[in-house]
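Quick notes on the structure that follows.
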């Protein structure tokens, strides 16, 4: 029995194809330019690698299955027509019986996708491998080469800024902005520490992160910051922590970490966009130190 192969193309509205991460703790959606799809790609959110086939969405697989069934029917009918046609021709010279065959001429239906790709809010092109992709929310990798670079950090910050500007609840948006900034730093630290097998510290703690990278990579990630700048960054990180765990109250734990704010003990931490933006620019210097670390 011979094998028949055929190709089913996934529609690419506006030139991009949707993908879903295979990692159980991620499963997030992103798009890659149809011309840049590779046999293996990476989730831009968690960095998990997978084949392009495994990254297909449920909707795409359903469409492929339906289109393939139609194509298979067409091939099957052609084979049946061919078989019965041969039988009819061979029987034409038989004096005892004659078999007549009417060709069925089945053509596969033009299956159109019953779905549309989801909208995402950010598009960029990796400066390292030139893959164009689209993501929703903050992310950490290029899906084409998994490299981390400054454009990823800058794009994340613009995403956070845009979410704040478009929010109807500025106070809530600021809490998310502080938290997302810390998460962005944490993700870069985790990516750079993958080669270290021992237990890692909490990268939400700035001095713990500094100690880790000094010990394992001989790099002081805060060497480009002045003491007042480092204090500003520490405040943002600690304010984020206190809003997550203590409803924003400046308590004993906060003051222990930021003794310079001892006079604010018992009050609620004040969040401002100006403070967040200053911290984002300062953290950019730190991220630049992380990026140049050779693994």
Enumerated strands (runs of 3 or more DSSP E) restricted to the stretch 1-50, each holding at least 3 residues that are in contact with a helix residue (DSSP H, G or I) (Cβ under 8 Å, 6 or more places away or on another chain) and surrounded by 14 or more Cβ atoms within 10 Å (Cβ to Cβ): 16-20
Can residue 186 be described as more than 25 Å from the chain's Cα centre (by Cα) and assigned to a helix (DSSP H, G or I)? no
Determine which single condition residue 175 fails, assuming it passes every other condition in (1) buried (at least 21 other Cβ atoms within 10 Å of the Cβ); (2) at pLDDT 95 or above. (1)
Can you name the residue in the stretch 119-169 that is over 14 Å from the mean Cα position of the chain (by Cα) and in contact (Cβ under 8 Å) with a residue 60 or more places away in the chain and, of all such residues, is surrounded by the most Cβ atoms within 10 Å (Cβ to Cβ)? 160
Elements of type helices (runs of 4 or more DSSP H) contained in the stretch 204-295, each with 3 or more residues being crowded, with 19+ Cβ neighbours inside 10 Å and assigned by TED's automatic domain parsing to the domain that holds residue 173: 206-217, 227-245, 273-291
Considering 86, 130, 110, 62, which residue is part of a loop (DSSP other than H, G, I, E, B) and modelled with pLDDT under 90? 110
Specify which of the listed residues (283, 206, 225) is touching a helix residue (DSSP H, G or I) at 6+ places or on another chain (Cβ under 9 Å) and free of Cβ contacts under 8 Å to residues at least 60 places away in the same chain. 206
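The values are calculated or read from the model by the stated rules, or taken from the named source; none is laboratory data. Worth saying up front: this structure is predicted, and the values here are computed from it rather than measured. When we count neighbours, we look across all protein chains shown, and the Cβ atoms used for this are built from the backbone with ideal geometry, even at glycine.
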